[in-house]
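Right, one structure below, let's go through it.
The values are calculated or read from the model by the stated rules, or taken from the named source; none is laboratory data. Bear in mind that the values here come from a model prediction, so they are computed numbers and not experimental data. Note that each Cβ is placed from the backbone with ideal geometry, even for glycine, and that neighbours are counted across all protein chains shown.
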Amino acid sequence: MVTRFRRSGSALVALLMLVPVLVGLPTGSAGADPLPIDPGSPPPATAIVTPFSPSESGTDDTDSADDDLTPWLTAHDPEAVPSESGRVAAAPAAVPGGFVPVTATRIGDTRTGVGLTRARVGGYGTVVLTVAGRGGLPAASAISAVSLTVTAVDPTGAGNVVVYADGTSRPATTNLSFDRASSGNTVITALGTGGRVRLTNLSAGSTHLVVEVTGFYVAGTPVAGGTLQPLIPVRTLDTRTGLGAPRAAVAAGSSVALQVSARGGVPTVSKVAAVVLNVTALSATATGSVRVTADGGAPSGEPDVSFVPGRTVANLVIVKVGANGKVRLTNSSAGSVQLIAEVSGYLLAGSTASVGAITVLAPGRILDSRVGNGISAGVLVAGESVPVQVSTRGGAPTVGAVSAVVLEVSVLSAARSGALTVFPDSTSLPAVASVSVAAGRTVTTRVVVPIGPNGKVQFANLTGGSLHVVAAVTGWVRAGTGATGISGTVTDTSGRPLTGVAVSLMDDEFLEIGVAATSSTGTYSFAGLGAGLYRICFHDDGDITGGTSDGGYVADCWNGRTQDDTTFARPDRVAVVNGRTTAGVNGRLQPGGAVEGVVRTTSGTLVPGAVVDLNTNERYRTVTDAAGRYRLAGLLARQRNLCVSMATSPPAGTPSTGLVPNCFSDDAEEVVVTPLAGATTRLDLEVEIGAAISGVVVDPAGQGIPGVNVHAGGSSATTGPTGAYRLLE
């Protein structure tokens with residue numbers, strides 16, 4: 001029995017407001033379960049089909065939507081959608097064509113205006129999205145292709161979406177197909193002009209589009225085994241027209257062998273380990289699935305595309321190539337189905353020992369909530385997140401050798417539509433949808449996800465209802481052996497890099513173990529760390545330059561948690577794996593207010609060495625200089641109290657009697673100020689001088705003893721490093 005651990009449901013359900021919302025309605029096949037319970041596994045249903053347009057000839061690749069479809073869209077809060085900053089990325093792969101996984105980050109959302117215009121994409125409309133340099137990705141020159149999750153949300157009718165490099169001609173293929181239910185799919189595409197891609201809605205109706213980045217392939221000519229050569233997508237199979245196979249629907253229990261080597265830009269079989277295909281099933285007469293395998297190889301128990309009558313569904317497939325250069329597509333349903341396949345890249349043959357190389361596996365099931373594989377048996381209830389061990393299971397190696405895994409994730413028996421999110425264990429739950437869940441349908445999507453430092457990934461149910469999950473490992477990415485650390489960039493809210501930001505590195509118990517300052521480009525890094533969990537916070541010590549705020553910047557912790565006056569907001573964990581730098585742990589600081597002035601006695605004497613703080617908060621504390629001047633910056637713009645007291649060891653020139661402390665007792669007079677964001681407020685402080693007792697506590701040898709509590713009357717003090725103390729009346 002495997003023990004199931006449950007995360008807090010409230011936080012997960014809250015993310016229903018953030019994920020791209022998935023609409024799915026029960027069909028005539030509701031309740032059908034095409035997933036075998038024995039070794040074998042998932043069935044897909046996401047989307048990709050062929051292009052169609054009123055201006056083009058050809059056959060429509062979509063089936064018409066059912067008349068009884070009623071769109072359902074979970075409400076979302078546009079202001080709550082997180083920014084793309086602060087997402088964890090592995091260190092860049094060392095070889096061209098190697099894959100670098102990142103924690104999924106939303107970089108485009110037409111519902112909220114993130115990266116794209118805040119408006120529905122109209123019929124046959126196109127939007128342009130900048131990908132490079134966002135979501136933890138490097139500049140376009142370092143990227144050969146990217147891995148994206150693209151979701152059509154709340155479409156008004158059936159259609160397709162094609163994603164392609166900006167500045168190039170639109171290919172005669174598609175990446176995503178949808179009916180009036182929201183659908184998503186993984187897309188591997190090259191970048192075009194300025195690191196951008198185009199997304200075209202190939203339907204007469206409108207839809208929202210959501211784009212999330214999950215990784216990138218390193219630029220350069222790939223030569224190592226398991227590295228990717230992206231291609232301009234080309235259709236190589238269409239059973240409706242006789243392309244690549246006989247012109248006929250694939251009958252029940254039958255299969256077709258598709259030649260992939262030496263076609264569509266793929267080289268001869270000796271140079272190819274696997275191909276990247278978009279496989280689409282349409283015009284099905286019964287519920288079932290398609291399984292894609294190397295021709296001549298052992299059949300797989302894991303479906304690659306699952307379908308129901310009246311729906312066009314598809315999924316991205318990375319599949320080994322047979323010795324004859326072919327792959328085999330098998331119809332496991334009791335009826336016939338039309339099939340389409342489009343190639344968009346291939347993995348080179350050879351050893352996969354290089355960093356970033358992908359090893360393609362025969363599917364190995366690691367999770368089945370129906371029978372207790374990976375977790376205890378039972379549905380995932382709304383808001384539940386479960387950790388599943390991946391390393392050393394399903395063909396994946398030990399945690400130090402793998403940076404990410406390729407999973408075939410299936411959701412079935414879902415009571416409600418929504419999303420399932422897959423993410424590294426021991427990290428924050430990202431507000432993204434790994435699988436678009438449709439109520440009453442079995443839905444499968446390929447997911448590439450980094451693993452946590454413990455070799456686990458989390459599966460979070462964000463649908464609002466119960467569901468079952470099945471997952472199989474179909475590949476893994478080779479980890480590097482480079483520096484182990486954390487890096488990121490700190491900017492202001494307009495994106496300007498901030499220099500001189502103090503970055504605190506804490507262990508998982510919030511003990512500060514290091515401090516760094518951001519460079520002239522706003523970057524910072526911590527190297528030489530051990531694998532484990534860390535926390536990062538950013539604060540203004542008064543040395544920040546590069547921004548526009550005269551009042552400093554408000555302290556913040558990764559991932560966008562603003563600190564209050566008295567304690568750090570709880571920062572999210574940052575997972576570090578051996579041999580990789582966890583990059584993209586970014587900060588975006590909001591302008592704060594500053595208070596400055598002088599401290600003088602009631603007789604007008606300037607007071608050096610006076611301690612000025614906010615409500616006795618050490619994080620916002622300074623000591624007046626020789627001219628009695630003080631400055632506190634990076635304050636939230638709200639009312640607060642300033643307190644003044646005398647330092648334990650005041651500098652020369654300080655009045656011989658002590659300052660009467662302010663804000664230390666209920667009857668003390670409060671000095672109130674409200675800083676203005678981005679500005680400096682002038683406030684001179686006047687204090688009374690009272691009697692003082694001072695001295696030094698020493699041991700028998702005459703050495704000062706620090707940390708001794710000294711009391712006299714109603715006053716108390718603690719000796720400093722030299723044993724000195726000062727009691728104020």
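Numbers at a glance
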quantity	calculated
Count of residues meeting criterion [in a strand (DSSP E or B) and either touching a helix residue (DSSP H, G or I) at 6+ places or on another chain (Cβ under 8 Å) or crowded, with 19+ Cβ neighbours inside 10 Å (or both)] in region 193-230	21
Options V443, V437, V447; residue that is in contact with a Pro (Cβ under 9 Å, 6 or more places away or on another chain), aliphatic (A, V, I, L, M) and surrounded by 20 or more Cβ atoms within 10 Å (Cβ to Cβ)	V443
Count of residues meeting criterion [in contact (Cβ under 8 Å) with a residue 60 or more places away in the chain and buried (at least 24 other Cβ atoms within 10 Å of the Cβ)] in region 410-420	6
Of all residues in region 177-211 being of a type in the set (G, A, S) and under 20 Å from V317 (Cβ atoms), the one that is nearest to the chain's Cα centre (by Cα)	G184
Residue that is touching a strand residue (DSSP E or B) at 6+ places or on another chain (Cβ under 6 Å), among the hydrophobic types (A, V, I, L, M, F, W, C), in the same structural domain as G301 (by TED's automatic domain parsing) and closer than 21 Å to G136 by Cβ, where the choices are L407, L412, L467	L407
Residue check, A274 buried (at least 21 other Cβ atoms within 10 Å of the Cβ), touching a residue at least 60 places away in the same chain (Cβ under 8 Å), within 28 Å of A190 (Cα to Cα) and not basic (K, R)	yes
D540, sole failed condition from (1) at pLDDT below 85; (2) within 30 Å of P397 (Cα to Cα); (3) buried (at least 24 other Cβ atoms within 10 Å of the Cβ)	(2)
Residue that is in the same structural domain as V102 (by TED's automatic domain parsing) and more than 27 Å from the chain's Cα centre (by Cα), where the choices are T174, T214, T241	T241
Test: residue in region 470-484 that is more than 26 Å from A353 (Cα to Cα), more than 18 Å from the chain's Cα centre (by Cα) and not in a strand (DSSP E or B)	no
Of all residues making up region 495-510, the number that are on the phi < 0 side of the Ramachandran plot and at pLDDT 85 or above	10
Among the residues listed as G372, G394, G378, the single one being surrounded by 22 or more Cβ atoms within 10 Å (Cβ to Cβ), in contact (Cβ under 8 Å) with a residue 60 or more places away in the chain and more than 24 Å from the chain's Cα centre (by Cα)	G394
Elements of type strands (runs of 3 or more DSSP E) contained in region 264-345, each with 3 or more residues being over 22 Å from V473 (Cβ atoms) and assigned by TED's automatic domain parsing to the domain that holds V448	272-282
Subset of region 327-358 (residues that are over 19 Å from V448 (Cβ atoms), among the β-branched types (V, I, T) and surrounded by fewer than 24 Cβ atoms within 10 Å (Cβ to Cβ))	T330
Qualifying residues in region 234-263 (those that are of a type in the set (K, R) and assigned to a loop (DSSP other than H, G, I, E, B)) - the one nearest to Y346 (Cα to Cα)	R263
Test: residue in region 364-373 that is among the small types (G, A, S), closer than 24 Å to G350 by Cα and in contact with a strand residue (DSSP E or B) (Cβ under 8 Å, 6 or more places away or on another chain)	yes
Candidate set from region 285-304 (those that are among the aliphatic types (A, V, I, L, M) and at pLDDT 90 or above); member that is farthest from V256 (Cα to Cα)	A286
Filtered residue count, region 512-537, keeping only those that are at pLDDT 85 or above and either not in a loop (DSSP other than H, G, I, E, B) or not β-branched (V, I, T) (or both)	17
Residues that are within 51 Å of the chain's Cα centre (by Cα), assigned to a loop (DSSP other than H, G, I, E, B), at pLDDT 85 or above and on the phi < 0 side of the Ramachandran plot, drawn from region 684-729	D684, I705, P706, V708, T719, P721, T722
Filter pass, G495 being assigned by TED's automatic domain parsing to the domain that holds V371, not hydrophobic (A, V, I, L, M, F, W, C) and not in a strand (DSSP E or B)	no
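Every residue, every condition in (1) modelled with pLDDT of 95 or more; (2) hydrophobic (A, V, I, L, M, F, W, C); (3) within 20 Å of the chain's Cα centre (by Cα), yes or no:
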position	(1), (2), (3)
G400	no, no, no
D425	no, no, yes
L429	no, yes, yes
S434	no, no, yes
N454	no, no, yes
N461	yes, no, yes
G464	no, no, no
H468	yes, no, no
D492	no, no, no
